[in-house]
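Structure, as structure tokens:
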Amino acid sequence: MKLRLVVLGSLLVLLLTGCDDKQAAEIQAETEANLAKLTASGDLTHGAVTVESEGDGYRVVIADTVVKPAPDMEMHLGTLRYLHSPVDDDMIRYDDAEVDSPISLRDADGTEAGTMVVDIERASGTWYKPLMAFVSVDVLLPSVQMESPNEPTLQFDNVQATLETEDPSGERTALEGLRLESEFSGVNLKAWTEASNALDQAAQTGGDVSGAIVQMIDSLTAVRGSVVLDHMEHADAAGVPQFSLNGMQMTFGVADVDQEAGSLNLAIGYEELTMAETAFAGDPTAGLMAPVSATINVVFSNVPFRQVASTLTAMAPNLTQAGEGQADIVALLVLSALQTALSNADTRIDLSGTQFALKDARMTLDGIVDVDPDAMFGAVAKLDLAIYDLDVLTERAMALPTGPEAQQLQGALMYLASASERSEDGGEPVDRYKIVVTPTGDVQVNGQPVF
């Protein structure tokens, strides 16, 4: 069962917003407008919405609530209830959120796929309208139990989420379109549970935990997770924007975890970064070299997950003893163990598809890094770097005010111009560089040593 079902089931109660008007009719209209946005995106359907006065706030009741976390999955929450209480002109307090139990999990065709029983002890939050975000959240779910016909019962105990925001400076950060998703494939829940219990017992008694960790790894095939943020903006106390970031995404995944060697990939990127001119006051080169968009791809192949887990867990007692004031020794031991495990498996790191766009130029990076414990730097590499509009970037750098940062950048760009193998790509000049890191630690660019 996808982990995001649990996340959606526990946090849906905090997704709705209201308004600061105490009239029930206006609160109902605002609630229905917010629900309409989720309905239009295909994420939710619902029945009648009613709002009645209760104490200093209003009890909002939404009938027949159905969340659609995936195209082939529906969560029938039944009636959703919560208390809407205006705090002041800018803040709204939500309390006493609850849904029907059990929650029915169904396929898109209506076939029963399982049930989820959520015990809600607390579910509340404070919404700050100028920021369009929750500034406080308090959720406590003593238990979340999921059952499906062909899988063991999945039980989560004491699921808790808290958030408290303090803003003494008056600065503001706004987030829009934050989405998290996790997916597990080929999970043997029975084996995972047994291994998890064995790990807990070994940890409590000081026993060997390596076997349990390896068993946990063997009980799943693949894991994938992603975090997407459509927009983030930060303003100072005067309300002046300092930076904004659009289209940020981070994806992490591992595959073939239960095999002798698997793969791991990490992708991080964003579509547009805008920063205030004052951000570059201390370093004039930063305005030229700060990537306005970026994509970083890192793919590890031939990763010996089980060997790495066994090696690290076997080292655990020694690492614990060396931990007091010896963080550098611990780090070296861990890196050495990882390097040995990765090199024995011929692990490769593929950087293909990595690219950066600067204000006046753009760069692409492709190539392979091979882990090699006998190499000077612990690895050898063959990389291809391409720079578009290097001449424009160099011209801008030469016009910078005199200073150590500017001189360093100008020197680096002049070196790149001299070492380049220039060609054209669709009529556009491109400076290309073949970068080689040898086992002896020599770094060559287009066949010439750098040092």
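The values are calculated or read from the model by the stated rules, or taken from the named source; none is laboratory data. Values in this document were obtained by computation on a predicted structure and should not be read as measured data. As a convention, Cβ positions derive from the backbone with ideal geometry for all residues, glycine included, and neighbour counts pool all protein chains shown.
Out of all the residues in region 69-92, is one or more in contact with a His (Cβ under 7 Å, 6 or more places away or on another chain) and among the aromatic types (Phe, Trp, Tyr)?
So far as region 69-92 goes, no, none of its residues is in contact with a His (Cβ under 7 Å, 6 or more places away or on another chain) and among the aromatic types (Phe, Trp, Tyr).
Considering only residues that are more than 30 Å from the chain's Cα centre (by Cα) and of a type in the set (Gly, Ala, Ser), look in region 384-400 and name the one that is farthest from Leu413 (Cα to Cα).
This residue is Ala399.
Which members of region 96-120 meet the condition of being in a strand (DSSP E or B) and on the phi > 0 side of the Ramachandran plot?
Once the filter is applied, which keeps residues that are in a strand (DSSP E or B) and on the phi > 0 side of the Ramachandran plot, region 96-120 yields Asp96, Gly114.
Can you tell me which residue is surrounded by the most Cβ atoms within 10 Å (Cβ to Cβ) among those in region 233-248 that are of a type in the set (A, V, I, L, M) and modelled with pLDDT of 85 or more?
Selected residue: Met248.
Any idea which residue in region 268-279 is modelled with the lowest pLDDT, counting only those that are under 21 Å from the mean Cα position of the chain (by Cα) and surrounded by 17 or more Cβ atoms within 10 Å (Cβ to Cβ)?
Filtering first and then ranking leaves Leu273.
Out of the residues in region 68-77 that are hydrophobic (A, V, I, L, M, F, W, C) and under 20 Å from Val159 (Cα atoms), state the one that is surrounded by the most Cβ atoms within 10 Å (Cβ to Cβ).
Just the residues of region 68-77 that are hydrophobic (A, V, I, L, M, F, W, C), to begin with: 70, 73, 75, 77.
Going one step further and asking which of them are under 20 Å from Val159 (Cα atoms), we end up with 75, 77.
Working: Met75: 22, Leu77: 25.
Filtering first and then ranking leaves Leu77.
State yes or no: is Val118 without any contact (Cβ under 8 Å) to a residue 60 or more places away in the chain and buried (at least 16 other Cβ atoms within 10 Å of the Cβ)?
Taking the combined requirement at face value, the residue does not satisfy it.
With respect to the numbered conditions (1) among the small types (Gly, Ala, Ser); (2) at pLDDT below 85; (3) not in a loop (DSSP other than H, G, I, E, B), which one is the sole condition not fulfilled by Gly282?
Going through the list (1) among the small types (Gly, Ala, Ser); (2) at pLDDT below 85; (3) not in a loop (DSSP other than H, G, I, E, B), Gly282 breaks only (3).
Whether any residue in region 273-280 is small (Gly, Ala, Ser) and within 28 Å of Ala361 (Cβ to Cβ) is what I want to check.
Yes, there is a match, as at least one residue in region 273-280 is small (Gly, Ala, Ser) and within 28 Å of Ala361 (Cβ to Cβ).
Would you confirm whether or not region 388-398 contains a residue that is within 17 Å of Asp425 (Cβ to Cβ), in contact with a helix residue (DSSP H, G or I) (Cβ under 7 Å, 6 or more places away or on another chain) and not polar (S, T, N, Q)? I'd like the intermediate steps shown before the answer.
Looking only at region 388-398, we keep the residues that are within 17 Å of Asp425 (Cβ to Cβ), and these are 388-393.
When the remaining residues are screened for being in contact with a helix residue (DSSP H, G or I) (Cβ under 7 Å, 6 or more places away or on another chain), the result is 390, 393.
Next cut, not polar (S, T, N, Q) only: 390, 393.
Among the residues of region 388-398, at least one is within 17 Å of Asp425 (Cβ to Cβ), in contact with a helix residue (DSSP H, G or I) (Cβ under 7 Å, 6 or more places away or on another chain) and not polar (S, T, N, Q), which makes the answer yes.
Quick check: is even one residue across region 433-446 touching a Ser or Thr at 6+ places or on another chain (Cβ under 6 Å), part of a strand (DSSP E or B) and touching a residue at least 24 places away in the same chain (Cβ under 8 Å)?
No, that holds for no residue.
Every residue in region 99-125 that is more than 23 Å from Asp43 (Cα to Cα) and touching a Ser or Thr at 6+ places or on another chain (Cβ under 6 Å), please. Steps first, please.
We begin by selecting, within region 99-125, every residue more than 23 Å from Asp43 (Cα to Cα); these are 119, 121-122.
Asp119, the sole residue that qualifies.
Does region 249-267 hold any residues that are assigned to a strand (DSSP E or B), surrounded by 15 or more Cβ atoms within 10 Å (Cβ to Cβ) and either touching a Phe, Trp or Tyr at 6+ places or on another chain (Cβ under 9 Å) or of a type in the set (Gly, Ala, Ser) (or both), and which are they? Lay out the reasoning, then the answer.
Step one: filter region 249-267 for residues assigned to a strand (DSSP E or B), giving 249-255, 262-267.
So of that shortlist, the ones also surrounded by 15 or more Cβ atoms within 10 Å (Cβ to Cβ) come out as 249-255, 262-265, 267.
If the condition is that a residue be assigned to a strand (DSSP E or B), surrounded by 15 or more Cβ atoms within 10 Å (Cβ to Cβ) and either touching a Phe, Trp or Tyr at 6+ places or on another chain (Cβ under 9 Å) or of a type in the set (Gly, Ala, Ser) (or both), then Gln249, Gly253, Val254, Ala255, Gly262, Ser263, Leu264, Asn265, Ala267 are the ones that fit.
For the structure I just gave you, tell me whether Ser85 is in a strand (DSSP E or B), out of contact with any Ser or Thr (no Cβ under 9 Å at 6 or more places or on another chain) and within 27 Å of Pro142 (Cβ to Cβ).
Criteria met by Ser85.
Consider Gly403 against the criteria (1) closer than 15 Å to Thr285 by Cβ; (2) in contact with a Phe, Trp or Tyr (Cβ under 6 Å, 6 or more places away or on another chain): it satisfies all of them except one. Which criterion is unmet?
All conditions pass for Gly403, except number (2).
Among the residues of region 12-25 satisfying the criterion of being surrounded by 15 or more Cβ atoms within 10 Å (Cβ to Cβ) and outside any loop (DSSP other than H, G, I, E, B), which is modelled with the highest pLDDT? Before the answer, list the steps.
Going through region 12-25, the residues surrounded by 15 or more Cβ atoms within 10 Å (Cβ to Cβ) turn out to be 12-20, 24.
Still in the list and also outside any loop (DSSP other than H, G, I, E, B): 12-14, 24.
Details: Leu12: 41, Val13: 35, Leu14: 34, Ala24: 86.
So the residue we want is Ala24.
Scan region 62-104 residue by residue and report those that are among the polar types (S, T, N, Q), farther than 23 Å from Gln28 by Cα and under 30 Å from the mean Cα position of the chain (by Cα).
Here is the first cut: in region 62-104, the residues among the polar types (S, T, N, Q) are 65, 79, 85, 101, 104.
From what's left, farther than 23 Å from Gln28 by Cα: 101, 104.
Once the filter is applied, which keeps residues that are among the polar types (S, T, N, Q), farther than 23 Å from Gln28 by Cα and under 30 Å from the mean Cα position of the chain (by Cα), region 62-104 yields only Ser104.
Select, from Met315, Met363, the only residue that is modelled with pLDDT of 95 or more, buried (at least 17 other Cβ atoms within 10 Å of the Cβ) and not aromatic (Phe, Trp, Tyr).
Matching residue, one of Met315, Met363: Met363.
So which residues in region 43-61 are of a type in the set (A, V, I, L, M) and more than 20 Å from Arg106 (Cα to Cα)?
Ala48, Val49, Val51, Val60, Val61 - these are the residues of region 43-61 that are of a type in the set (A, V, I, L, M) and more than 20 Å from Arg106 (Cα to Cα).
Look at region 121-143 and say how many of its residues are assigned to a strand (DSSP E or B), within 20 Å of Leu178 (Cα to Cα) and modelled with pLDDT under 85.
The number of residues fulfilling the criteria is 9.
Here's a check for you: in region 78-115, which residue that is touching an Asp or Glu at 6+ places or on another chain (Cβ under 9 Å) and aliphatic (A, V, I, L, M) is surrounded by the fewest Cβ atoms within 10 Å (Cβ to Cβ)?
Going through the qualifying residues, I end up with Ala108.
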